[in-house]
Amino acid sequence: MNAKAIGLSLLATLLVAVSAQGGLVDLTKPGDPVVGFNAAGTGADWPGNESPPNTIDNNTGTKYLNFGTTGSGGGSGTGGVTGLTVTPKGPLGVVTGMSFTTANDAADRDPMTFILEGQQVPGGAWTQIATGATNVSTTRFATSAVSFPNDQYFVGYRVSFPDIRNAAAANSMQIGEIELLADQLSLLSDVTRPGDMVTGFNAAGPGASWPANENPANAIDNNTGTKYLNFGTTGNGGGSGTGGPTGLVVIPSYLDPTLVNGLSLTSANDWSQRDPASYELYGSNDGINFELIASGAVPAFSGRFTGQVFAFDNDVPYYQYALSFPTIVDPSTANSMQIAEIQLLGQTVPEPLTLTLSALAAGALGGYIRRRRR
Ligand SMILES: [Ca+2]
Ligand SMILES: [Ca+2]
Ligand SMILES: [Ca+2]
Ligand SMILES: [Ca+2]
């Protein structure tokens, strides 16, 4: 890491510290996809009107009840862990707290401990974020809060309840509301905007290997009805493959560099065979040297005009980005790569090179950042 990179990294760390004063927001919203589970898997072990989405409907009068593996008749415990997964549709944020609101009856059913895990890729591996006591009281419709250290962005969350207050007397776990609390200033938004400078490329380099009306700028025009299509190096006649990576370079039109921790991809209108099957995201501050920020597989899209979001760890801001798609879904039948929309999810970061280390030492940076944020 060179001196500049160290400075940028230090700034990112300081920004996180400053942002800890922003106030907490619930990342879940009614309508976010929720899946319940117990120790036996993801079966429907709950009454029809006490289903898992009741935990995020912003209504303490509705609850999620899960009988666990012992069924509704036994009246003794849940027979193991119960819980839910939730995939927030809203902005990515860094979750550093949760709240739990008790449901209407039977305090014996209250979850007493929790495990929170996150995944950075849709359908990907789970990483433990926090575990501990829920701090719930025996008071009904009461909200308790917990906080924990975390600095990572995730696209999906799993909340597990290993035990309940009185397993000998209760036949189920129940909870009225759950919140995933993130610092407001950690929320990410798309740093690309229509009109930003965009260049397409393929394995042969920069070049116009696309139909004029399906050019690279269509990937950032905020319109899922328009797409960027790239024939790769095989041209548009062959109908077999793209002949290597395709992609685009985009320069967000901010004066300051941006810190990107997420990527959103939206599939285009036709031919799922043309969808990207993998991605590599690079950052650059001079347009010549590009450093890999994140890479991975792109799972199959669930349909046309549908989005997928990826989160990754990154603490280095950049002025421009190259997004490459090394592979597509089926190069044996597709003649091109196509994508309707891309979003680079991040934040602008005040340019650190105008600051001196003595200013950092004097604590002036905090004031500088606060002035810039007004
Ligand atoms: Ca809520
Ligand atoms: Ca509820
Ligand atoms: Ca956009
Ligand atoms: Ca578009």
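The values are calculated or read from the model by the stated rules, or taken from the named source; none is laboratory data. This structure is a prediction, so every number in the text was calculated from the model and none was measured. Counting neighbours? That spans all protein chains shown, and the Cβs are built from the backbone with ideal geometry, glycine included. Remember, those area values only see protein heavy atoms, side chains included, never the ligands or the DNA or RNA. Shrake-Rupley method; radii C 1.70, N 1.55, O 1.52, S 1.80 Å.
Being modelled with pLDDT of 95 or more, out of contact with any helix residue (DSSP H, G or I) (no Cβ under 8 Å at 6 or more places or on another chain) and assigned to a strand (DSSP E or B) is not true of GLY303. The residues of the stretch 82-126 that are in contact with a helix residue (DSSP H, G or I) (Cβ under 8 Å, 6 or more places away or on another chain) and in a loop (DSSP other than H, G, I, E, B), listed by number, are GLY93, VAL94, ALA103. Taking the numbered list (1) closer than 25 Å to SER99 by Cα; (2) open to solvent by less than 50 Å² (accessible area, probe 1.4 Å) in turn, ASN215 passes all entries but (1). Contact annotation: residue pairs with Cβ atoms under 6 Å, 6 or more positions apart or on different chains, pairing a residue in the stretch 278-292 that is at pLDDT 95 or above with a partner that is surrounded by fewer than 17 Cβ atoms within 10 Å (Cβ to Cβ) and of a type in the set (A, V, I, L, M), are SER278/ALA297; TYR282/LEU292.
A quick yes/no check of all residues on (1) open to solvent by less than 60 Å² (accessible area, probe 1.4 Å); (2) away from ligand 1 (no atom under 16 Å from the Cβ); (3) over 20 Å from LEU27 (Cβ atoms):
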site: PRO122; (1), (2), (3): yes, yes, no
site: ALA130; (1), (2), (3): yes, yes, no
site: SER144; (1), (2), (3): yes, no, no
site: TYR153; (1), (2), (3): yes, yes, no
site: TYR157; (1), (2), (3): yes, no, no
site: ILE164; (1), (2), (3): yes, yes, yes
site: ILE178; (1), (2), (3): yes, no, no
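The set of residues from the stretch 188-217 being within 16 Å of ligand 3 (Cβ to nearest atom) and in contact (Cβ under 8 Å) with a residue 24 or more places away in the chain comprises LEU188, SER189, ASP190, VAL191, THR192, ARG193, PRO194, GLY195, ASP196, MET197, VAL198, PRO216. One residue stands out among those in the stretch 26-48 that are in a loop (DSSP other than H, G, I, E, B) and of a type in the set (A, V, I, L, M): the one that is nearest to ligand 1 (Cβ to nearest atom), which is LEU27.
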